[in-house]
Each structure stands twice: as C-alpha cells, then as structure tokens.
Amino acid sequence: MGFLIDDNQPIFLQIAEQIENDILEQRIDEESKVPSTNQFAAFYKINPATAAKGVNLLVDEGILYKKRGIGMFVTTGARAKLIEKRKAEFYEKYVVAMILEAKKLGVTKQELIEMIQGGEDHA
Amino acid sequence: MNQSFNIMKMHLRTKFTLIYLPVIIMLFSFSINLIIANATNPKEGIYTGGIASIYIYIMIIGAFIIKETFPFSIGMSVRRADYFWGTLYMIVLVTICDAIILNILNLIETMTNHWGLNLHFFNLPYLNDGPIWQQIFIQFSILFHLFYLGFFSSSVHRRFGKKGLIVLMFITGIIASVITLLNLAPLFHWFAQHTAFQLSLWLIPFTFFYIIISYLFLRRATV
Amino acid sequence: MHNIVEVKGLTKKYSDVTAVNQVEFQIEKDKIYGLLGKNGAGKTTIMQMLTGQIFPSHGEIKVFGESPIENQVVLNQICFIKESQKYPDVFRVIDVIETAASIFPNWDQEVADQLLEEFRLPLKKRMKKLSRGMFSSVGITIGLASRAPLTIFDEPYLGLDAVARNLFYNYLLEDYSAHPRTVILSTHLIDEVSKLLEHVIVIDQGEVLIDEETDQLHDYGYTLTGTKKQIESLIKEKNIITKSTLGTLTSVTIKGPLSKKEKEQIQELNLDLHTLSLQQLVVSLTSRKDGELK
C-alpha cells in the first residue's frame with residue numbers, strides 16, 4: 001500500500017488509484033477482500049466517507065464488488081480491465097504528449113524510436 | 001433522566017465549601033467566644049451575635065455559586081431550569097441540615113448551663129423562643145432567605161452584568177434611605193409585637209420574590 | 001438526506017457590532033464538518049447559538065428539529081467542547097469527568113478511561129492547576145466519551161503538541177467509524193484536519209463564505225507562477241484572489257475551476273500550477289480586504 005497523499009488530486013481519487021495499483025501490481029488478488037472503508041480511513045487518516053467515495057468509484061467501474069455483510073472484493077478480470085484502462089490513459093497522457101513535444105523539437109520518428117529503445121535499456 | 005438530580009450531585013462535589021465550611025467558620029467563631037468567656041467570665045454573662053457568621057457565609061455562597069457552577073453546567077448541556085432547580089433542592093437540604101445542627105447546639109448549650117460559662121451563642125433570647133419545630137423553622141428561613149438574597153444579586157450580575165449590579169445597589173440604597181427618612185417608630189413597634197417565628201414567616205414572601213426573579217433572570221442568562 | 005441542524009437568517013447583534021449576520025446553513029446527520037474562519041469571524045457565536053448557550057437576535061435555529069434553547073430533548077444529544085469552558089474552582093479532573101459521565105446519556109466510560117490514560121491526566125489534580133494542554137485534553141476526553149449525536153469541538157486543542165493532537169485525530173476517526181455521529185470541528189489548524197472533514201463551512205465577518213463538500217473545494221482555487229506576460233494572458237477572465245510580483249515573476253491565486261483546455265495551456269507554457277490546500281484557500285479568501293467572492 002502506497003503512502004502519502006498529494007495535494008493536487010482529490011483524496012478519493014487517490015484512494016481509488018491506490019487500490020488500482022495494488023490490483024495491478026498483484027498485491028491484492030482477484031476475488032480477495034480489499035480493506036474496509038474504515039481501515040482505509042484509519043490508515044490514511046481521512047474521513048471514512050471520502051474513502052468510501054474512492055471505493056465506490058471502483059465499484060461503479062466494475063473493479064470491485066460488494067458482498068453483503070462481508071465487504072468489498074476484487075472482481076474476476078479486474079486486473080485485465082485495469083490494464084486496458086491504464087493503457088488508454090498512458091497513450092493519452094504520455095504517448096500523445098511525447099509525439100507533440102517531439103514534433104516541436106523536430107525529432108524524427110526514427111530518432112524517437114531510437115530514444116525509446118535507449119531509454120528501455122536504462123530502466 | 002432528570003438533570004436537576006445530577007446538578008445536586010455536582011454541588012455535592014463541593015461539600016467542603018458548601019456544607020462543612022459554614023459550620024467550621026461558625027464553630028471557629030464559637031471557640032473564640034468560648035475562650036473570651038473563659039478568660040473574662042463576666043457575671044452578667046456573654047450574649048454574642050457570633051451565630052451571624054454562618055448566616056453571612058451562606059449569603060456569600062449564594063452570591064458565588066452561580067459564578068462557580070453555572071457556566072460549567074450550561075457547558076455540559078444542562079438546561080438553565082434544571083440548574084436552577086437542582087441548586088434549589090440542594091440548598092433546601094443544606095439549610096435544613098444547618099438549622100438542625102444549630103438547634104442541636106442550642107440544646108447542648110441549654111443543657112450544659114451555657115457551657116458552664118454563661119455564654120449565649122446558640123441560645124439567644126427572643127430568637128430562640130417557642131417550640132423546637134418553630135426554632136428549626138426560624139433558622140431554616142433565615143439561612144434560606146439569605147442564600148437567595150446572595151443568589152438573587154448574583155443572578156442580576158449574570159443577566160445584566162456589572163451595570164445591572166450597580167443599578168440594583170442604587171435601588172437598594174434609595175429604598176433604604178427612604179425608609180430611614182420615614183418615622184421608624186411604628187416599624188420597630190410592629191417588630192416588637194411579633195415573635196421571631198412570626199417574623200420568620202414574613203421572610204417567606206421576600207424569599208419567594210428573590211427565587212422567582214432570579215429564576216427569570218437565569219433563564220435568560222448566557223455563559 | 002437528513003438534516004440535524006437547520007439555520008435560517010441567523011443574526012446576533014451586540015450593542016455596536018453584528019457578530020453573525022443572516023447566516024443560513026444545514027448540517028447533515030453523521031458527517032464531520034469543519035467550521036472554519038479567522039478569529040472573530042463569528043464561529044464561536046454560531047456554535048453557542050446552536051447549543052442554546054446564547055440567544056440569537058433574529059433568525060431560526062432548529063437542532064434535531066427543535067429549538068435548542070432550554071430543550072432537554074435536544075440538549076441531551078449535544079456535547080459542546082469549547083476552548084473557554086469554565087470549571088468550578090475546586091473541581092478536580094475526576095470531578096469534571098464524573099459529572100460529565102452522569103449528565104451525558106450516551107457516555108462511554110471505557111473511552112474516557114482510555115483517553116485519560118493516553119493523555120496521562122492526573123485525576124486528583126484541580127482543573128485550575130492544569131497546564132493549558134492538559135486542560136484541553138480534559139475537554140477532548142469529554143467530547144469523545146460523551147458520544148453525543150452532535151459533538152462540537154471549538155478549538156479543542158490549544159496547548160497540545162503534535163503527538164497529542166494526532167492522538168485526538170486517531171481516536172476521533174476510530175470512534176466515529178465505529179459510532180457514526182455528527183461532528184463539528186472548528187479550528188485554525190486547517191491543514192491538519194482537512195482530510196478528516198467531509199464538509200466545510202467557512203465563516204467570514206459573520207457571514208457564510210463557503211458551504212461545500214470538501215471534495216468540491218479541490219478546484220476552488222489555484223496558484224499559478226510564471227512570467228508576468230504569460231500569466232496575464234491566462235488570467236484575463238479569472239477571478240483573482242491575490243497577486244504578487246517579484247521582478248519578472250508573477251504569482252497569482254485565482255478562483256477555480258480551470259477547464260481541461262486551460263490546464264493544457266498552462267502545461268504547454270510550463271507554468272507552475274498548484275491547487276490550494278484548504279488552509280491556503282481559507283486564508284487567501286478571508287484575508288482579502290473586501291472579503292467578497294462573487
């Protein structure tokens with residue numbers, strides 16, 4: 001579970017993102033239980049309603065589902081769904097921006113591909 | 001649950017100032033008188049007004065009890081009315097106890113032939129005439145009256161602040177001077193015609209007046 | 001949603017000042033509210049009127065559907081902890097706690113005992129002789145142990161260090177999660193509590209300036225830093241809260257929200273953009289001379 005809450009994003013979104021990351025990085029498996037709203041609240045020192053808002057966001061997206069009286073669980077296929085979603089975001093947020101910036105600087109397609117390959121070696 | 005009962009319990013936490021201290025102060029005054037009587041031993045005996053120490057102290061409690069406990073009670077979500085009634089019940093109990101204690105001491109004083117020193121502290125002529133139940137009532141009505149005299153002036157302060165208190169003193173001053181300007185002989189004559197018990201009955205309407213007015217003031221008082 | 005407090009046209013005038021002017025708001029059940037604003041803005045006066053401790057000059061207050069004034073049913077459900085609370089001179093900590101225990105119908109002695117121990121409060125010590133911090137801890141203990149359906153804390157932790165304040169936040173969250181109730185928290189340490197608050201009401205000069213869910217306040221204001229020229233083109237149509245310049249560098253605080261397009265524009269220009277924290281927002285809004293935000 002990641003720490004710190006940064007101020008440039010509403011807290012409930014950060015909570016949702018934390019859970020997403022935990023699912024993506026397989027810290028929480030599919031069909032297993034996620035911490036309760038109150039546990040999130042206690043851990044991050046936030047209002048339980050805010051934590052609930054983050055959790056409910058994922059319920060609406062079909063990432064989590066509720067078992068009455070037991071708690072919230074990760075849906076089967078949630079991880080695949082999240083990867084799809086994040087890929088789309090990744091394209092939007094980084095790839096498009098990168099191409100725009102590259103155009104501005106006159107970087108050619110070939111150069112860009114080489115840069116990516118070089119960067120991969122670093123990572 | 002009725003909060004006035006809790007207010008009584010709250011007052012009981014100050015038993016030392018509310019219950020013990022008045023008696024202690026009076027007994028202190030008494031022991032000084034005892035020492036003096038023992039030392040001088042005058043033939044005509046000693047008649048002292050030392051018993052007034054408890055009267056005055058009870059009046060002072062009446063004047064300070066609001067400042068001490070009212071803001072706390074209101075802060076604990078208690079209604080002003082419950083504070084008022086709880087305090088009243090407590091004071092009825094305290095002053096009845098004090099009246100009984102005074103009469104027990106009165107009894108001892110008479111039985112010991114005025115402490116063997118002809119010291120009249122608890123047993124005073126006129127004040128202690130009449131049957132025992134009348135004497136208890138006399139003490140009770142004096143103590144109770146004086147408590148509410150103090151309580152009343154303090155409620156004026158609580159409701160109207162310093163200005164209110166000054167106005168009250170001003171009015172009292174005017175009434176007092178008007179009375180002294182009048183011919184007082186008939187008034188003294190009237191007093192003389194009545195027994196202490198009858199006079200103590202006359203205190204009742206005054207006490208009621210203070211109680212009603214201080215109730216009305218406290219109901220509109222803030223913290 | 002169920003409102004437990006409804007206030008309309010609430011006004012409190014003293015002989016020469018209007019402390020609270022035509023205030024209107026609602027408070028919903030089982031939420032944690034922040035009542036924020038500068039000292040002297042009228043927060044305490046409002047809370048005192050909510051709890052029937054002082055009387056409004058005009059307007060209407062309903063708490064649990066009724067007027068709180070001399071109302072046993074309503075008062076039994078309220079616990080108001082205020083910084084300026086007075087205690088009888090001879091009362092020791094234990095006297096205060098036991099009296100509170102007898103008065104508040106939902107009192108939980110276990111919570112009280114835990115907090116008394118955590119705060120290391122000397123039970124036999126007189127209230128008068130406590131340090132400021134310990135004095136505050138007694139109030140916090142009463143406020144939490146009372147489990148009142150409406151619990152109000154007015155600057156509850158003067159003199160408390162960060163450790164003790166954290167203890168308070170933790171207990172509040174824990175106990176609130178287990179026993180939901182309505183809490184109103186008034187404090188100047190806004191950053192510390194902002195994550196605990198579900199709803200925020202900001203009072204300035206006796207009036208309601210903001211009445212919003214905390215999440216909604218997220219894009220209420222921004223600071224933007226860059227060269228004067230870059231900034232000026234961007235903020236033409238924005239409501240400027242404050243502005244300061246240092247050489248060619250300009251920093252402005254503007255009222256949000258910003259559209260996606262505007263954010264992209266800012267990113268392209270490589271300007272420094274920050275969301276205002278709740279504390280920054282309240283400070284910048286309430287320190288403006290005209291106090292208006294329209």
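The values are calculated or read from the model by the stated rules, or taken from the named source; none is laboratory data. Worth saying up front: this structure is predicted, and the values here are computed from it rather than measured. Backbone-built Cβ (ideal geometry, glycine too); neighbour counts: all protein chains shown. Quick note on the areas: whole protein, heavy atoms, side chains included, nothing else; ligands and nucleic acids left out. Shrake-Rupley method; radii C 1.70, N 1.55, O 1.52, S 1.80 Å.
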Using a/c under 1.5 as the rounded threshold, could you call the stretch C:221-275 rounded, prolate or oblate? The axes a ≥ b ≥ c are square roots of the C-alpha gyration tensor eigenvalues, and prolate needs a/b larger than b/c, oblate otherwise. oblate
For the stretch C:40-87, state which residues have at least 30 Å² less accessible area in the presence of all protein chains than in their chain by itself, taking the probe as 1.4 Å and leaving out ligands, DNA and RNA. C:Q53, C:F55, C:E70, C:Q72, C:L75, C:Q85, C:K86
Cα centroid of the stretch C:188-258 to Cα centroid of the stretch B:22-38, whole Å: 73
With a 1.4 Å probe on protein heavy atoms only, work out how much accessible surface C and A bury together, total over both chains, in Å² to the nearest 100. 1400
Two decimals is fine: what is log10 I(q)/I(0) at q = 0.09, 0.11, 0.17, 0.19 Å⁻¹ for the stretch C:3-216, from a Debye sum with one equal scatterer on every Cα and no solvent? -0.33, -0.51, -1.23, -1.49
Find, among the trypsin sites (Lys or Arg not before Pro) in the stretch C:106-177, those assigned to loop by DSSP (not H, G, I, E, B) with at most 12 other beta-carbon atoms within 10 angstrom. C:R120, C:K124
Can you give the charge dipole size of the protein assembly as shown about its Cα centre, rounded to the nearest 20 debye, using +1 on the beta carbon of Lys and Arg and -1 on the beta carbon of Asp and Glu? 1860
Provide the percentage of antiparallel DSSP beta bridges, counting only those with both residues in the stretch C:3-216; round to the nearest 5. 55
So which residues in the stretch B:206-223 end up with at least 30 square angstrom less accessible surface once the other protein chains are there, compared with the chain by itself, probe 1.4 angstrom? B:R219, B:R220, B:T222, B:V223
For C:D108, C:D161, give the ranking by accessible area with the largest first, probe 1.4 Å. C:D161, C:D108
Give the ranking of A:K103, C:K228, B:K43 by solvent-accessible surface, highest area first, calculated with a 1.4 Å probe. B:K43, A:K103, C:K228
Shape call for chain A, from the Cα gyration tensor axes a ≥ b ≥ c (a/c under 1.5 means rounded, otherwise prolate when a/b beats b/c, else oblate), comes out prolate
Using only C-alpha atoms and all pairs of different ones, pull out the Kirkwood radius for the protein assembly as shown in Å with one decimal. 30.2
For C:T242, the residues 5 or more places away or on another chain with a placed amide H closer than 5 Å to its own amide H are C:T253
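Counting helices only, and only those DSSP H runs with n ≥ 4, report the 222 nm mean residue ellipticity of the protein assembly as shown as the sum of -39,500 (n - 2.57) divided by its residues, in deg cm²/dmol to the nearest 500.
On the way: 23 runs with 334 residues, N = 640.
Helices in the protein assembly as shown give a 222 nm mean residue ellipticity of -17000 deg cm²/dmol.
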Of the DSSP beta bridges with both residues in the protein assembly as shown, give the percent that are antiparallel, rounding to the nearest 5. 70
³J(HN,Hα) across the stretch C:203-214 via Karplus (A = 6.51, B = -1.76, C = 1.60, θ = phi - 60°), whole Hz, x for Gly/Pro? 10, 9, 6, x, 10, 7, 9, 9, 9, 9, 5, 4
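Please report, as a whole percent, how much of the solvent-accessible surface of the stretch A:11-76 comes from carbon and sulfur atoms (probe radius 1.4 Å). Could the numbers behind the result be given before it?
Values: 1620 of 3120 Å².
Roughly 52 percent, rounded to a whole number.
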Do any trypsin sites (Lys or Arg not before Pro) in the stretch A:1-91 lie in a loop, going by DSSP, with at most 14 other beta-carbon atoms within 10 Å of their beta carbon, and if so which? A:R27, A:R68
Scaled to the compact-protein estimate 2.2 N^0.38 Å, what is the alpha-carbon radius of gyration of the stretch C:152-294, rounded to two decimal places? 1.23
Solvent-accessible area lost in complex, 20 Å² minimum, residues of the stretch C:104-122 relative to chain alone, 1.4 Å: C:F104
What is the distance in Å between the Cα centroid of the stretch A:60-123 and that of the stretch B:197-223? 81
Expected integer from the mean partner chain Cβ neighbour count at 10 Å over C:91-102 is 4
Which of B:F140, B:F70, B:F188 ends up with the largest GNM mean-square fluctuation for chain B, with Cα atoms connected below 10 Å? B:F188
Which cross-chain or sequence-distant (5 or more) residues have an amide H under 5 Å from the amide H of C:I4, H modelled 1.01 Å from N in plane? C:I27, C:E28, C:K29
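Rolling a 1.4 Å sphere over the protein heavy atoms, what is the accessible area per residue of chain C, to the nearest Å²?
Dividing the accessible area of chain C by its residue count gives 45 Å².
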Identify which of C:L278, C:L196, C:L130 has the largest mean-square fluctuation in a Gaussian network model of chain C, with springs joining Cα atoms closer than 10 Å. C:L130
Answer rounded, prolate or oblate for the stretch B:51-181, using the Cα gyration tensor with square roots of eigenvalues a ≥ b ≥ c: rounded when a/c is under 1.5, else prolate when a/b is larger than b/c, else oblate. oblate
How much of the accessible area of the stretch C:221-275, in percent, comes from carbon and sulfur atoms when a 1.4 Å probe is used? 49
Distance between Cα centroids, the stretch B:54-88 to the stretch C:13-78: provide it in whole Å. 25
Per residue value of the accessible surface for the stretch A:11-76 (all protein chains in place, 1.4 Å probe), Å²: 47
Taking only protein heavy atoms into account and a 1.4 Å probe, give the accessible area per residue of the stretch B:1-141 in Å². 45
Rounded to the nearest 20 Debye, what is the dipole magnitude of chain B about its Cα centre when Lys and Arg each give +1 and Asp and Glu each give -1 at the C-beta? 1080
Which entries of A:K33/A:K93; A:K66/C:K29; C:K124/C:K195 show an alpha-carbon separation above 26 angstrom in the structure shown? A:K33/A:K93; C:K124/C:K195
Give me the accessible area buried between chains B and C, both sides summed, with a 1.4 Å probe, in Å² rounded to the nearest 100. 2500
Under the definition of partner shielding as Cβ atoms of other protein chains within 10 Å of a residue Cβ, what is the mean value for peptide A:43-52? 6
Within the stretch C:26-125, list the GluC sites (Glu not before Pro) lying in a DSSP loop whose Cβ has at most 14 other Cβ atoms in a 10 Å radius. C:E70
Carbon/sulfur fraction of accessible area - the stretch B:66-223, other protein chains in place, 1.4 Å, %: 76
